[in-house]
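Following: one structure in C-alpha cells, then a few remarks.
The values are calculated or read from the model by the stated rules, or taken from the named source; none is laboratory data. Predicted model only: the values in this text are computed from it and were never measured. Note: ideal-geometry Cβ built from the backbone for every residue, glycine included; neighbour counts use all protein chains shown. Just so you know, the surface numbers come from the protein's heavy atoms only, side chains and all, with ligands and any DNA or RNA stripped out. Shrake-Rupley method; radii C 1.70, N 1.55, O 1.52, S 1.80 Å.
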Amino acid sequence: SGLAVLSKVELRVSCKHLLDRDTLNKSDPCVLLLMQSQGQWMEVDRSEVIKSNLNPVFAKIFTVDYYFEEVQKLRFEVYDSHGQAGVGTHDDDFLGGMECTVGQIVAQKRVTKPLFLKYGKFAGKSTITIISEEISGNNGYVELAFRAKKLDDKDLFSKSDPFLEIYRIDDDRSEQLVYRTEVVKNNLSPIWEPFKVSLNSLCSCEEKRKLRCVVWDYDSRGKHDFIGEFFTTFEEMQKAMGENKVQWDCMNPKYKIKKRNYKNSGVVVLLDLKIHRVYSFLDYIMGGCQIHFTVAIDFTASNGDPRNSCSLHYINPYQPNEYLKALVAVGEICQDYDSDKKFSALGFGARIPPKYEVSHDFAINFNPDNDECEGIQGVVESYQSCLPKIQLYGPTNVAPIISKVARVAADEERTKEASQYFILLILTDGVVTDMADTREAIVRASYLPMSIIIVGVGNADFTDMQILDGDDGVLRSPKGEPVLRDIVQFVPFREFKNASPTALAKCVLAEVPKQVVEYYSYK
C-alpha cells in the first residue's frame, strides 16, 4: 500500500459461556482470525485448541499490522475442534463469530462482544473479549551500563572471561533472551559496554516483570561455565538513575547449599540507566486522546445551482454527488476514532434563512446552539435537507471556519487536559477569496491541537490549495511568520474519482498521525 505500517498490534483473545456442542464433555474451542481483503474473508491465523473449556483464555497472541488510514475489518470465529480431524468448519461445530475493526479494538483497548451464529442469531450468552497491546518500538528504549566486581575465578591459569545475559520471564514462565554482552577477557571486575534495548523487549513494558540475569565464564568451545545469577525488575533498575547505582549479589545456588559461609560469587552493579521515551499516534489514542471532526462544506455560487444536473451540489436520487462521495469516504474512517461519533457540520458562502444574509460559518442543521450531527449519516441528512433552504452565494472565505474551530481547540488546550484533537475537513470547489486571512488563520492554528484537511471537489484550478498545503515549502502568514508544524493536507478529489474510497481516505489521512504526534511533542 506504500504507506508505513503505523505499528503492530497484539491481540489476546478469551471467551465466556461458550455453547456446549459435545454430549459427553465440554467443547474444545479454537479461535480463527479472518481479515477482509478485496471483499473476501481470509483466514490469517488460528489459536491453539483448549480442551474441554467453555471459558477459554487463549495463549496464542495474534499480531496484526495497523493502519490508521483504512478501515481494517476483522472477524473472529470460534469452533469446537475434534482431535486429529483438526478444526472442522461445519455449522454444527461453529460456536459463534464476531466482527469489528482494528480501529475499534485499538481505541477501546479491550472489546467484549456477543458471539453470533449464522443468520444473526445470538450464540446463547457467549461472549468474546479481545485485548489489544501496541508493539511498536515506540514505547521507548533504555540504555543500561553494567559492571561486576570480585567474580569467582573459574579458570586455572588465568582469570575468568565474564559475559552477562539478561532474560525476560514471560507470563508462561518461559524465558526470552533480551541481551548478551560482549566478553571481557581475563578480568574478575569487568566493565561491560553500555547497550540499548527496547522496553517492549526488556519487560513487555511492564516495570514489575521479573528479569533473570546470568553471568558466565566464556569458553571458546562453547561450554561456558556458570558463575552466578540474580533476579530483578525494570522497576528496581530505575533506582540507578542520576548519581545512584544499584547492585546485586551474583549467586550460585549450588554453592549456597554446599558452602556454609557462602556470601556470593561476586556482585553486579548497574552504573547507569537512561530512559528514552518515544510516543506514537497509538499511544495518544489509547491514552484517551479523542479526535473531534468538523466538516465544512462550500456553498458558494461557483458550485452551480443544485437543481441543475451539472452542479457539484446536484442531488441525484440515484447516486451521491462529489461532495457526498468525498464526505463519506473520509468520514467513515474518521468515525472509528471519534468517541461520541458526533460531527460538527458547518457551511460557508451561502445566504441563509431567515434574513438571507451571507454566512461563512453556519451550522447546516440550522441549530446555532449545537452544530453536531449523529455520525456521517447525520451529516449527509443535514446536508440534503439544508440545500433547498439556502441560496448559494460567495465569496469563498475559509478563514472564519478555521478560526471558529481554532477557538474551540484553544479552549480545550487551556483546560490543560489537551486530550481532544480537532480535525477540520473542508470540502471546496476551488479558489479561496480570503487567501491572506486564511494563511494567518492556519499559522495560528498550527500551535493548537488541530489539523486541516482540504478536499478539492470539481475541476477548478487548485493552485491556491497547493500553497496552503506547505509541502513545497513552509507556509507563512502575510507578515512572514512560518507555521509551527505543517497541519494542512490538500487532496484534489478528481484524482481519486475512479479509485476506491479507501485510496482517497488513505491519502487524506496519511499525515494525521504524524501531525498529532508533532503537536504533543511540542507540548
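Residues in region 501-516 that are open to solvent by 30 Å² or more (accessible area, probe 1.4 Å) and modelled with pLDDT under 75: Pro501, Thr502, Lys506. Per the conditions (1) in contact with a Ser or Thr (Cβ under 7 Å, 6 or more places away or on another chain); (2) hydrophobic (A, V, I, L, M, F, W, C); (3) without any contact (Cβ under 8 Å) to a residue 60 or more places away in the chain, the sole criterion not satisfied by Leu282 is (3). Close Cβ contacts (under 7 Å, 6 or more residues apart or on different chains) running from residues in region 39-59 that are assigned by the TED database to the domain that holds Ser126 to residues that are of a type in the set (Lys, Arg) comprise Trp41/Arg75; Ser47/Lys60; Glu48/Lys60; Ser52/Lys26; Asn53/Lys26; Leu54/Lys26; Asn55/Lys16.
Report those strands (runs of 3 or more DSSP E) wholly inside region 344-442 carrying at least 1 residues which are crowded, with 23+ Cβ neighbours inside 10 Å. Walk me through how you get there before you give the answer.
Values: elements: 350-352, 357-359, 372-374, 420-428.
Because the criterion is at least 1 residues that are crowded, with 23+ Cβ neighbours inside 10 Å, the strands (runs of 3 or more DSSP E) in region 344-442 that meet it are 350-352, 372-374, 420-428.
Taken as a whole, the condition of being at pLDDT 85 or above, over 21 Å from Glu69 (Cβ atoms), open to solvent by 50 Å² or more (accessible area, probe 1.4 Å) and over 21 Å from the mean Cα position of the chain (by Cα) applies to Asn308.
For region 476-490, the tally of residues that are out of contact with any Gly (no Cβ under 6 Å at 6 or more places or on another chain) and either open to solvent by 10 Å² or more (accessible area, probe 1.4 Å) or of a type in the set (Asp, Glu) (or both) stands at 10. Close contacts from region 339-360, counting a first residue that is touching a residue at least 40 places away in the same chain (Cβ under 8 Å) and farther than 20 Å from Leu324 by Cβ and a second that is part of a strand (DSSP E or B) and of a type in the set (Val, Ile, Thr), with Cβ to Cβ under 7 Å and a gap of 6+ residues or different chains, come to Arg351/Val358.
Of the residues that sit in region 23-69 and are among the acidic types (Asp, Glu) and open to solvent by less than 30 Å² (accessible area, probe 1.4 Å), which one is farthest from the chain's Cα centre (by Cα)?
Filtering region 23-69 down to residues among the acidic types (Asp, Glu) leaves 28, 43, 45, 48, 65, 69.
Remaining after also requiring open to solvent by less than 30 Å² (accessible area, probe 1.4 Å): 28, 69.
Numbers: Asp28: 33, Glu69: 10 Å.
The qualifying residue farthest from the chain's Cα centre (by Cα) is Asp28.
Of all residues in region 449-461, exactly one satisfies the criterion of being open to solvent by 10 Å² or more (accessible area, probe 1.4 Å) and either over 26 Å from Cys507 (Cβ atoms) or in contact (Cβ under 8 Å) with a residue 60 or more places away in the chain (or both), namely Ala460. Elements of the type strands (runs of 3 or more DSSP E) sitting completely within region 29-71 and holding at least 1 residues that are in contact with a Phe, Trp or Tyr (Cβ under 8 Å, 6 or more places away or on another chain): these cover 29-37, 40-46.
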